Amino acid sequence: MKEFSWDLLDIGIGILILFVILLAGYGIFSLLTKFKDNQEIARGNEAAGMYMGSKMLGLCIIVSMVSFSSHSWISMLIWSAVGIAALCIVYIVFDLVTPKTKLGDEIAKGNMAVAQLLRGIVIGVSLVIGTFLM
């Protein structure tokens with residue numbers, strides 16, 4: 001019974017850490033965009049919702065891979081922060097290498113094609129980053 005209690009405690013701590021990481025990631029990702037994510041999502045901008053959802057999914061992928069290989073909660077937090085930073089860098093670099101298409105402007109306009117492109121990039125890069133961090 002003791003082992004079961006410790007497993008439940010670990011799950012609870014892991015979920016709490018996941019929420020902290022997701023909230024931090026959401027806030028940091030929102031700072032990178034030129035539009036207000038919350039407002040766009042609230043007004044029904046599907047492209048903004050898809051893009052933010054993709055970033056959250058990508059972050060969950062990174063956290064899952066990091067948690068699999070981490071031996072402490074602190075290590076998990078640190079490597080997850082590295083994952084957030086890596087996703088931010090990927091967004092900035094991709095925005096720089098596509099000067100004819102301003103990604104943030106297109107998402108704010110509701111351009112689903114750009115949102116789907118970014119979704120693929122974010123999820124793919126998250127899998128690679130997560131693998132690097134394992």
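Read the figures in this text as sums done on the coordinates, not as results from a lab. The structure displayed is predicted, hence computed values, not measured ones. Note: ideal-geometry Cβ built from the backbone for every residue, glycine included; neighbour counts use all protein chains shown.
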Given charges at beta-carbon only (K, R positive; D, E negative), |dipole| of the chain in Debye: 380 debye
Checked against the structure, the computed Cα extents along the principal axes in Å among [x] 43, 41, 28; [y] 58, 31, 20; [z] 48, 40, 31 is the one labelled [y]
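Efficiency by 1/(1 + (r/R0)^6): what FRET value for residue 38 and residue 92, r their Cβ-Cβ distance, R0 = 25 Å, to the nearest 0.05? Spell out each step's value before the answer.
Details: r = 21 Å, r/R0 = 0.84.
It comes out at approximately 0.75.
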Rank 17, 117, 58 by how far each Cα sits towards the positive end of the charge dipole of the chain (+1 on Lys, Arg Cβ; -1 on Asp, Glu Cβ) and give me just the farthest. 117
Could you list the trypsin sites (Lys or Arg not before Pro) in the stretch 51-115 that lie in coil according to DSSP, counting only those with at most 16 other Cβ atoms within 10 Å of their Cβ? 100, 102, 109
Close Lys-Lys pairs in the chain, where close means Cα under 29 Å and separation is 8 or more or interchain: 12
With runs of 4+ DSSP H residues as the only contributors, calculate the mean residue ellipticity of the chain at 222 nm using -39,500 (n - 2.57) per run, divided by the residue total and rounded to the nearest 500. -29000 deg cm²/dmol
